[in-house]
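Please read the structure below before turning to the comments.
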Ligand code: SAM
Ligand code: SF4
């Protein structure tokens, strides 16, 4: 009988990709993926350390499993990813029933670690070196990019895939744990990436999203003195037959070069969408965050993006309540959101991370309730801006890659007939439409009829018109909806 595998994933797209690859490699070993932890032989948690809340979630899930593991000692519990690399032995001190602690740079070893626990019954730790523990090349080698062969059955959607183009980060923003837990910045060879994209296309994938913590810092040394940059990589993968859309996340403002923007404009498959987190609208806060730019620079960069890529949609990230953020500095973030025209923003309350410079140098001096209020206030401003951006699209026809049933449709199975579907435009706007499930994976023209701050609603431009039910829920972006106070849904007459 096939062994059963359960995996829970928290965190960013990098983690989603890591989990997909882990599941794929264990499937090849005969494991079957199931959705009930207590039924599984191997229970894995792929973890995030960016905020305390993400860690707390995992420790309480591990706590809930303690009794189960006592009753079934042969079941294997593993903690993977960022929290494993950050907490190391502490994971087992807090949750002694954990069998495997495996860092982000060691995931390739997971099948071997599981086999070792089965053979010896002893816990296994697989971790990369700390960044100050050895020379850079040694630390780099200990963080291995995990990119085994792709397998379409591993992906939640066969026509969309993430492709890692780099690992790690060298920016060391003072609030951020990523450079410690994901190691030094290393770009994958462009030929390997191109080969992976060809393979994905051959498997029926239509949209790829290139991933990197600072994806526009991509730089691969080909040995001929002319390193490949992201603009060159985009050109290289652009002509892959079958690929229709290319996206890339996340961009670092300082590395937004003109050659990259020109590539986005000139290469038709590259989507005019840029996620470029700013984090704060206040220069003093940006300095303490060590973001290496000023608000003035960021505004100029936005202008440059819009000049060079007409119609580009830009989204951002903000941290509220960072150490020393006064009401006046917060107000500057509000001013930036009110005027920058972001499609959407992900807004986070500052969470001090032990091991970062921010935690070492500055007091976490903004009380929780003030962080919460600032989060809500900034979100309310962003929601107004997003609604205005969405209303601009009402009456226009946009191209939507249909991704799956909407959240409403997932709750109420409508059988074989038309149902509520969701997809995204080339500018990453979320669209809900009604249509036949056979539209999944198709790019269709959709006439936008209604809009909320989070979602556009429309009908397939070439098909018959089917009205959208009044209970349609916004397909809200996971981070954007935190602490939202209601989304104004604007109804327009349906013709
Ligand atoms: N590499 C990306 C960049 O530089 O924009 C983002 C990486 S991080 C995983 C995603 C977002 O989490 C950041 O943009 C930041 O807004 C937020 N973040 C990182 N550390 C945080 C912390 N200590 N507290 C709250 N939010 C944090
Ligand atoms: Fe973290 Fe800054 Fe690197 Fe992004 S650029 S991963 S926020 S250190």
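Taking region 351-386 only, how many residues are crowded, with 19+ Cβ neighbours inside 10 Å, within 14 Å of ligand 1 (Cβ to nearest atom) and either free of Cβ contacts under 8 Å to residues at least 12 places away in the same chain or over 28 Å from residue 133 (Cα atoms) (or both)?
The qualifying residues number 7.
For the condition assigned to a loop (DSSP other than H, G, I, E, B) and surrounded by fewer than 19 Cβ atoms within 10 Å (Cβ to Cβ), what is the one hit in 157, 153? Explain how you work it out, then say what you get.
Details: 153 fails: assigned to a loop (DSSP other than H, G, I, E, B).
Checking each option against the conditions leaves just 157.
Condition (residue is in a helix (DSSP H, G or I) and surrounded by fewer than 19 Cβ atoms within 10 Å (Cβ to Cβ)) applied to region 95-106: is it met by at least one residue? Write out each step before concluding.
Taking region 95-106 and keeping what is in a helix (DSSP H, G or I), we get 104-106.
Cutting the leftovers down to surrounded by fewer than 19 Cβ atoms within 10 Å (Cβ to Cβ) gives us none.
No, region 95-106 contains no residue that is in a helix (DSSP H, G or I) and surrounded by fewer than 19 Cβ atoms within 10 Å (Cβ to Cβ).
In region 213-225, is there at least one residue being touching a residue at least 60 places away in the same chain (Cβ under 8 Å), outside any helix (DSSP H, G or I) and within 10 Å of ligand 1 (Cβ to nearest atom)?
Taking region 213-225 as the starting set, the residues that turn out to be touching a residue at least 60 places away in the same chain (Cβ under 8 Å) are 213.
Add one more test, that the residue is outside any helix (DSSP H, G or I), and what stays is 213.
Within this subset, residues satisfying the condition of being within 10 Å of ligand 1 (Cβ to nearest atom) are 213.
Yes, region 213-225 contains a residue that is touching a residue at least 60 places away in the same chain (Cβ under 8 Å), outside any helix (DSSP H, G or I) and within 10 Å of ligand 1 (Cβ to nearest atom).
Return the residues of region 32-48 that are surrounded by fewer than 21 Cβ atoms within 10 Å (Cβ to Cβ) and assigned to a loop (DSSP other than H, G, I, E, B); say none if nothing qualifies.
Step one: list which residues in region 32-48 are surrounded by fewer than 21 Cβ atoms within 10 Å (Cβ to Cβ), which gives 32-39, 41.
The answer is 34, 35, 36, 41.
Going by the conditions given, is residue 308 within 16 Å of ligand 2 (Cβ to nearest atom) and either modelled with pLDDT under 95 or more than 25 Å from the chain's Cα centre (by Cα) (or both)? So that I can check it myself, show each step before the final result.
Working: within 16 Å of ligand 2 (Cβ to nearest atom): no; either modelled with pLDDT under 95 or more than 25 Å from the chain's Cα centre (by Cα) (or both): yes.
In short, no.
Does residue 246 fit the bill of being part of a strand (DSSP E or B) and either within 25 Å of residue 383 (Cβ to Cβ) or over 23 Å from the mean Cα position of the chain (by Cα) (or both)?
On the way: part of a strand (DSSP E or B): yes; either within 25 Å of residue 383 (Cβ to Cβ) or over 23 Å from the mean Cα position of the chain (by Cα) (or both): no.
No; evaluated as a whole, the condition is false for this residue.
Would you pick out the residues in region 249-263 that are within 16 Å of ligand 2 (Cβ to nearest atom) and part of a helix (DSSP H, G or I)?
253, 254, 255
Considering only region 231-253, state which residues are within 16 Å of ligand 1 (Cβ to nearest atom) and touching a strand residue (DSSP E or B) at 6+ places or on another chain (Cβ under 7 Å).
Taking region 231-253 first, the residues within 16 Å of ligand 1 (Cβ to nearest atom) are 247-253.
Answer for region 231-253, where residues must be within 16 Å of ligand 1 (Cβ to nearest atom) and touching a strand residue (DSSP E or B) at 6+ places or on another chain (Cβ under 7 Å): 247, 248, 249, 250, 251.
Could you check, for region 58-68, whether at least one of its residues is surrounded by 22 or more Cβ atoms within 10 Å (Cβ to Cβ), outside any loop (DSSP other than H, G, I, E, B) and at pLDDT 95 or above? Steps first, please.
The first filter runs over region 58-68 and keeps only residues surrounded by 22 or more Cβ atoms within 10 Å (Cβ to Cβ), leaving 58.
Retained after the next criterion (residues that are outside any loop (DSSP other than H, G, I, E, B)): 58.
Adding the requirement that they be at pLDDT 95 or above leaves 58.
Scanning region 58-68, I find at least one residue that is surrounded by 22 or more Cβ atoms within 10 Å (Cβ to Cβ), outside any loop (DSSP other than H, G, I, E, B) and at pLDDT 95 or above, so the answer is yes.
Being surrounded by fewer than 18 Cβ atoms within 10 Å (Cβ to Cβ), away from ligand 1 (no atom under 16 Å from the Cβ) and closer than 29 Å to residue 289 by Cβ is true for just one of 122, 141, 136. Which residue is that? Spell out the reasoning first.
Working: 122 fails: closer than 29 Å to residue 289 by Cβ; 141 fails: closer than 29 Å to residue 289 by Cβ.
Exactly one residue qualifies, and that residue is 136.
Pick out the one residue from 113, 129 that is surrounded by 13 or more Cβ atoms within 10 Å (Cβ to Cβ) and either part of a loop (DSSP other than H, G, I, E, B) or within 26 Å of the chain's Cα centre (by Cα) (or both). Can you show your working first?
Details: 113 fails: either part of a loop (DSSP other than H, G, I, E, B) or within 26 Å of the chain's Cα centre (by Cα) (or both).
Unique residue meeting the criteria: 129.
Filter region 167-179 for residues that are surrounded by 21 or more Cβ atoms within 10 Å (Cβ to Cβ) and outside any loop (DSSP other than H, G, I, E, B); which is farthest from ligand 2 (Cβ to nearest atom)?
Ranking the candidates gives 167 first.
The values are calculated or read from the model by the stated rules, or taken from the named source; none is laboratory data. These numbers come from a predicted model, not from an experiment. Cβ: placed from backbone, ideal geometry, glycine included. Neighbour counts: every protein chain shown.
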